[in-house]
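Asker: Got a structure for you, questions after.
The values are calculated or read from the model by the stated rules, or taken from the named source; none is laboratory data. As the structure is a computational prediction, the values presented were derived from the model and not from experiment. Neighbour counts run over all protein chains shown; Cβ positions are idealised from the backbone, glycine included. To get the accessible areas, we keep the full protein, side chains included, count just its heavy atoms, and leave off ligands, DNA and RNA. Shrake-Rupley method; radii C 1.70, N 1.55, O 1.52, S 1.80 Å.
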Amino acid sequence: MATSIPVTSPLLPPLEEFIPYLQSIWETRRLTNGGPFHQQLEEELAAYLGVKHLSLFANGTLALVTALQALRVTGEVITTPYSFVATAHSLLWNGLKPVFVDVDPHTCNLDPDRIEEAITPATTAILPVHCYGLPCNMDRIASIADTYGLKVIYDAAHAFAVRQGGASVLQQGDLSILSFHATKVFNTFEGGAIICPDARIKQRIDYLKNFGFANETTVVAPGINGKMNEVEAAFGLLQLQHIDHALAVRATLYERYRQAFSNTPGIGMMDIAQDVQWNHAYCPVFINADYPISRDALYELLQGQGILARRYFYPLISNFPMYRGLDSANPARLPNASDIAQRILCLPIYPGLDEDTQDRIISLVKRAR
Ligand SMILES: *Cc1c(COP(=O)(O)O)cnc(C)c1O
């Protein structure tokens, strides 16, 4: 029996390249609390991503929770049901009320036309997701936020290194957050970051992730422990040396899928705007009505062959027990998200997926009956 093929596999540079970093940590005995690797990774990542400032975190979820704190968001927050559950959970952890708004059926991102009608006097922010790393309609969201005086926090967990019109999408909104979880394009085992537009807000966020300490004796806010440690930061530095190659491999694999499915009846793929420099974080395909079998039947068929495709995102966040009682969680109000959740399947894509295996996946998908 062949080994299973996961939907993603972490970017792991050669172990011997990591040893010198560990030796340095053992020598300096700096394990955490903004040590040298942490500082260096913040600088190198900001330069690589083309953003001014960023603050590293222990994971993306703590970055989300803290970003909402930093902007003092209250009341209701407009967000998408079509995401990983941490997006909405970060609102509940802040005592905020999620208001789910439907997505655009082509982009899978929040539909700007639906945002305005969901705004109430209690609305203070919008929490959109760049789903699969493909950019939201950021101009429309900015204009709605300006008109109604709302904050915008982008859950950019999938959008590492994504650019549009040559500029990083991470600079948009008031804050953006990244995840460096092992399953993401760039990983630090566990990790994340908040992208900050200026040094002042970065300062405040740096306090918030360290219990609110501004110095040894001053606590300025009820902060949390959200710090990234030195081993994780060192791993990020090493990985940064391999990321361009990893992104190039992802692009090649995605293009091979795209060409293979270009004339396969019933298989749809995302439209990628010309001006988007994508990271190919996922390979989402739509299993449409004219495909010979159902999405779930294909999912099972692949699983039977050891191909662990994933239904990202199914079920919708709004269908989980802690959300489904909300008015905005009613599936009748989320027709596009509900429909996509039934048709979507993410195929394996990661550096290390060899072309023979990919060809086997392609032929299974093309020949399914
Ligand atoms: C992975 C992910 C998160 C959470 O990040 P962690 O680092 O795992 O805490 C949040 N939002 C989205 C959309 C994600 O995919």
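Asker: Is it the case that ILE195 is more than 13 Å from the ligand (Cβ to nearest atom), closer than 18 Å to GLY226 by Cβ and surrounded by 24 or more Cβ atoms within 10 Å (Cβ to Cβ)? Working first, answer last.
Answerer: On the way: more than 13 Å from the ligand (Cβ to nearest atom): yes; closer than 18 Å to GLY226 by Cβ: yes; surrounded by 24 or more Cβ atoms within 10 Å (Cβ to Cβ): yes.
So ILE195 fits the description; yes.
Asker: Continuing with this model, one more query. For the condition within 12 Å of the ligand (Cβ to nearest atom) and either of a type in the set (Val, Ile, Thr) or under 25 Å from GLU76 (Cβ atoms) (or both), what is the one hit in PRO121, PRO128? Show your work before the answer.
Answerer: Working: PRO121 fails: within 12 Å of the ligand (Cβ to nearest atom).
Of the residues listed, the single one that is within 12 Å of the ligand (Cβ to nearest atom) and either of a type in the set (Val, Ile, Thr) or under 25 Å from GLU76 (Cβ atoms) (or both) is PRO128.
Asker: Sticking with this one: Consider VAL103 against the criteria (1) within 16 Å of the ligand (Cβ to nearest atom); (2) surrounded by fewer than 18 Cβ atoms within 10 Å (Cβ to Cβ): it satisfies all of them except one. Which criterion is unmet?
Answerer: Condition not satisfied by VAL103: (2).
Asker: So which residues in the stretch 208-226 are more than 19 Å from the chain's Cα centre (by Cα), closer than 19 Å to GLY35 by Cα and open to solvent by less than 60 Å² (accessible area, probe 1.4 Å), if there are any at all?
Answerer: LEU208, LYS209, ASN210, GLY212, ALA214
Asker: Taking the condition of being out of contact with any His (no Cβ under 9 Å at 6 or more places or on another chain), open to solvent by less than 50 Å² (accessible area, probe 1.4 Å) and closer than 24 Å to LYS184 by Cα, how many residues in the stretch 1-34 meet it?
Answerer: Number of matching residues: 9.
Asker: Of everything in the stretch 78-91, what is buried (at least 24 other Cβ atoms within 10 Å of the Cβ) and within 14 Å of the ligand (Cβ to nearest atom)? Give them in sequence order. Walk me through it before giving the result.
Answerer: The initial filter retains those residues of the stretch 78-91 that are buried (at least 24 other Cβ atoms within 10 Å of the Cβ), namely 78-83, 87-88, 90.
Passing the criteria: THR79, THR80, PRO81, TYR82, SER83, THR87, ALA88, SER90.
Asker: Also: Restricting the search to the stretch 167-184, which residues are open to solvent by 10 Å² or more (accessible area, probe 1.4 Å) and more than 11 Å from the ligand (Cβ to nearest atom)?
Answerer: Hits for the stretch 167-184 are ALA167, GLN171, GLN172, GLY173, ASP174.
Asker: Take LEU134 and decide whether it is within 16 Å of the ligand (Cβ to nearest atom), open to solvent by 10 Å² or more (accessible area, probe 1.4 Å), in contact with a Cys (Cβ under 8 Å, 6 or more places away or on another chain) and not basic (Lys, Arg).
Answerer: yes
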